[in-house]
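Student: The following block contains the structure, expressed as structure tokens.
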Protein chains: 2
Amino acid sequence: MAGIESLRGFRTLEAAERERIAAATREVRATAGQVLFSAGQDSDAVWAVKEGLVHMIKHGPGGRDVVLEIVPPGDLFGAVVALNGRPYPASAVVAEPSVVWKMPATLARELCQKHPTLRAAILEHVSTRLHSAHERLCSIALEHVDQRLARQLLVLSEKIGRRENGTTLLHVTRQELADMIGTTVETTIRIASRWQQSGLIRSARNEIALVDVEGLERIAKGEA
Amino acid sequence: MAGIESLRGFRTLEAAERERIAAATREVRATAGQVLFSAGQDSDAVWAVKEGLVHMIKHGPGGRDVVLEIVPPGDLFGAVVALNGRPYPASAVVAEPSVVWKMPATLARELCQKHPTLRAAILEHVSTRLHSAHERLCSIALEHVDQRLARQLLVLSEKIGRRENGTTLLHVTRQELADMIGTTVETTIRIASRWQQSGLIRSARNEIALVDVEGLERIAKGEA
DNA sequence: GGCTTTATATGACTCGCATCATACACACAG
DNA sequence: CTGTGTGTATGATGCGAGTCATATAAAGCC
């Protein structure tokens, strides 16, 4: 299982230690939509994304969901709760065909005891996520939907955007966007349509291309 | 400076070490409304609440604020950013007459290097806050204002409520409540008035007493 | 190929809540 | 005691965005 050193915090471990981890870790190939674990389940493992993309999702009433985290390749997920032995607080749903790793929680706990740098890396990572959660709280509490959508598109372009002939391409559905910014599909589609017509974005099925990034930044700042 | 052992994660340190910390730590007495540090400032210190209450606040346009964290006695604040040497992401505002401690960031960094248990305690704490941030995100994204308010009152009763002849008393203004759940003062006041009339709460200036906790729980769950 | 499913699109209607305005009670300072 | 500020209260009004309905096009599937 090559590539464990690419995981956040695992780079500084010795090769022998990484071998041992690899031996205990299971590689799982998953298709879009697949649920790796559900909210409320006992956490027996720490997970990581090798390739692809995983969403941490909380299901609400009336079929409305909230995307709590977007987990890109190289990041752990379900880690903190597994270390503390608590049940998973949200569900992990595969957003595109992915390869994920599943490592026994007991091993992860042992590693954290033995390698302070690993725990430090996890702390750093969790802190960053707390910070971004705070920003999302501000965004949803203070800003209008179009501001939030513009902001989210810009965030996604940094996180999962692929450059393609001058524009940034995002692999994401309107439904997912809606669940990220706390609104409905219809509203997201309406705004996207409008922006498509005014040339801010170019959109297709499962895809949005950011054309006028500065225009989106203006909207995100509330200047439009 | 007595009481350092009451701080989250500092209990397991030896007495001599705590002496050293106390010697470098400054005790600050602050009145309600006082700003301990502002968003964007360089973080040169790790803070802790000895007595009283501190809010972490993000200021938005149009005078609307968001309360990101409510820091009760015994909790650190500004810790994670100070450890990483980043500027404070939000402002710390004293919510009621308080005594806070201010410890040099360099010392805090050294302590984290030396005492893995301290770092572990901070990780645990940050994880809890991330989890509660996620719950707030769901709440604000999916629920109506009255649900959010009921939920927030129940959360506050656990966190800062004082038992008083059968009811739980909260020291909080409508403005603060509004900033916690992402709405306006007027809306918060309206709902509080209604609930006061229907006997769910009993309210006064700077104060709300939870009378019918089960009724509030029903509202929080969306059953009303 | 034709059928079902999924994602996008758009209109009509409703309503929760923000906004603006005004009023009142109480705390505190001088 | 009297002014001034701060927190609470309540009404009128308007808009943003949710809800419901329907349509269309592309993707997948036998």
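The values are calculated or read from the model by the stated rules, or taken from the named source; none is laboratory data. What you see is a predicted model; the values in this text were computed from it and never measured. Every residue, glycine among them, receives a Cβ derived from its backbone with ideal geometry; neighbour counts consider all protein chains shown. All accessible areas refer to the heavy atoms of the entire protein, side chains included, with ligands and DNA or RNA removed. Shrake-Rupley method; radii C 1.70, N 1.55, O 1.52, S 1.80 Å.
Student: Kindly list, by first and then second residue, each pair from a residue in region A:100-111 that is in the same structural domain as A:H55 (by TED's automatic domain parsing) to a residue that is open to solvent by 10 Å² or more (accessible area, probe 1.4 Å) and among the small types (G, A, S), limited to pairs with Cβ atoms under 6 Å and residues at least 6 apart or on different chains.
Tutor: Within 6 Å, the pairs are A:P104/A:A24; A:L107/A:A24.
Student: Of the conditions (1) small (G, A, S); (2) within 14 Å of DNA strand D (Cβ to nearest atom); (3) out of contact with any strand residue (DSSP E or B) (no Cβ under 6 Å at 6 or more places or on another chain), B:A141 satisfies every one except a single condition; which number is it?
Tutor: Here B:A141 clears every test but (3).
Student: Go through the residues of region B:134-147 one by one and say whether even a single one is of a type in the set (V, I, T) and open to solvent by less than 20 Å² (accessible area, probe 1.4 Å). Working first, answer last.
Tutor: As a first pass, look at region B:134-147 and keep what is of a type in the set (V, I, T): B:140, B:145.
Remaining after also requiring open to solvent by less than 20 Å² (accessible area, probe 1.4 Å): none.
Checked region B:134-147: no residue is of a type in the set (V, I, T) and open to solvent by less than 20 Å² (accessible area, probe 1.4 Å).
Student: Another one. Are any residues in region B:71-121 open to solvent by 20 Å² or more (accessible area, probe 1.4 Å), of a type in the set (A, V, I, L, M, F, W, C) and touching a strand residue (DSSP E or B) at 6+ places or on another chain (Cβ under 6 Å), and if so, which ones?
Tutor: B:V93, B:A95 - these are the residues of region B:71-121 that are open to solvent by 20 Å² or more (accessible area, probe 1.4 Å), of a type in the set (A, V, I, L, M, F, W, C) and touching a strand residue (DSSP E or B) at 6+ places or on another chain (Cβ under 6 Å).
Student: Just one of A:G33, A:G62 is within 14 Å of chain B (Cβ to nearest Cβ), open to solvent by 20 Å² or more (accessible area, probe 1.4 Å) and outside any strand (DSSP E or B); which is it? Before the answer, list the steps.
Tutor: On the way: A:G33 fails: within 14 Å of chain B (Cβ to nearest Cβ).
Step by step, each of A:G33, A:G62 is checked, and only A:G62 is within 14 Å of chain B (Cβ to nearest Cβ), open to solvent by 20 Å² or more (accessible area, probe 1.4 Å) and outside any strand (DSSP E or B).
Student: Still on this structure: Mind listing whichever residues of region A:171-220 are within 16 Å of DNA strand D (Cβ to nearest atom), assigned to a strand (DSSP E or B) and not acidic (D, E)?
Tutor: The answer is A:H171, A:R202, A:S203, A:A204, A:I208, A:A209.
Student: Also, quick follow-up: Examine region B:126-140 for a residue that is within 14 Å of chain A (Cβ to nearest Cβ), modelled with pLDDT of 95 or more and within 11 Å of DNA strand C (Cβ to nearest atom), and state whether such a residue exists. Full working, then the answer.
Tutor: Within region B:126-140, the subset within 14 Å of chain A (Cβ to nearest Cβ) is B:126-140.
Then drop every residue that is not modelled with pLDDT of 95 or more, which leaves B:126-140.
Narrowing the set further to residues that are within 11 Å of DNA strand C (Cβ to nearest atom) leaves B:140.
Yes, the conditions are met somewhere in region B:126-140.
Student: Would you point out the residue of region A:152-166, among those that are without any contact (Cβ under 8 Å) to a residue 60 or more places away in the chain and under 16 Å from the mean Cα position of the chain (by Cα), that is nearest to the other protein chains (Cβ to nearest Cβ)?
Tutor: Out of the qualifying residues, it is A:Q152.
Student: Anything in region A:65-78 that is of a type in the set (A, V, I, L, M) and facing another protein chain (nearest Cβ under 9 Å)? List them, or say none. Before the answer, list the steps.
Tutor: Filtering region A:65-78 down to residues of a type in the set (A, V, I, L, M) leaves A:66-68, A:70-71, A:76.
The answer is A:V66, A:L68.
Student: Those residues that are more than 13 Å from chain B (Cβ to nearest Cβ) and open to solvent by 20 Å² or more (accessible area, probe 1.4 Å), I need them from region A:39-59; list them, please.
Tutor: Matches in region A:39-59: A:G40, A:Q41, A:D42, A:D44, A:K50, A:E51.
Student: Need pairs with beta-carbon distance below 8 Å; first residue in the same structural domain as B:L13 (by TED's automatic domain parsing) and outside any helix (DSSP H, G or I) and within region B:122-151, second of a type in the set (V, I, T) and within 16 Å of DNA strand C (Cβ to nearest atom); sequence gap 6+ or separate chains.
Tutor: none
Student: Restricted to region A:177-224, and to residues that are near DNA strand C (Cβ under 8 Å from one of its atoms) and acidic (D, E), which residue is surrounded by the most Cβ atoms within 10 Å (Cβ to Cβ)?
Tutor: A:E207
Student: Can I ask one more? B:H55 fails exactly one of the following numbered conditions: (1) under 24 Å from A:A120 (Cβ atoms); (2) in contact with an Asp or Glu (Cβ under 9 Å, 6 or more places away or on another chain); (3) in contact (Cβ under 8 Å) with a residue 40 or more places away in the chain; (4) of a type outside the set (V, I, T). What is the number of that condition?
Tutor: (1)
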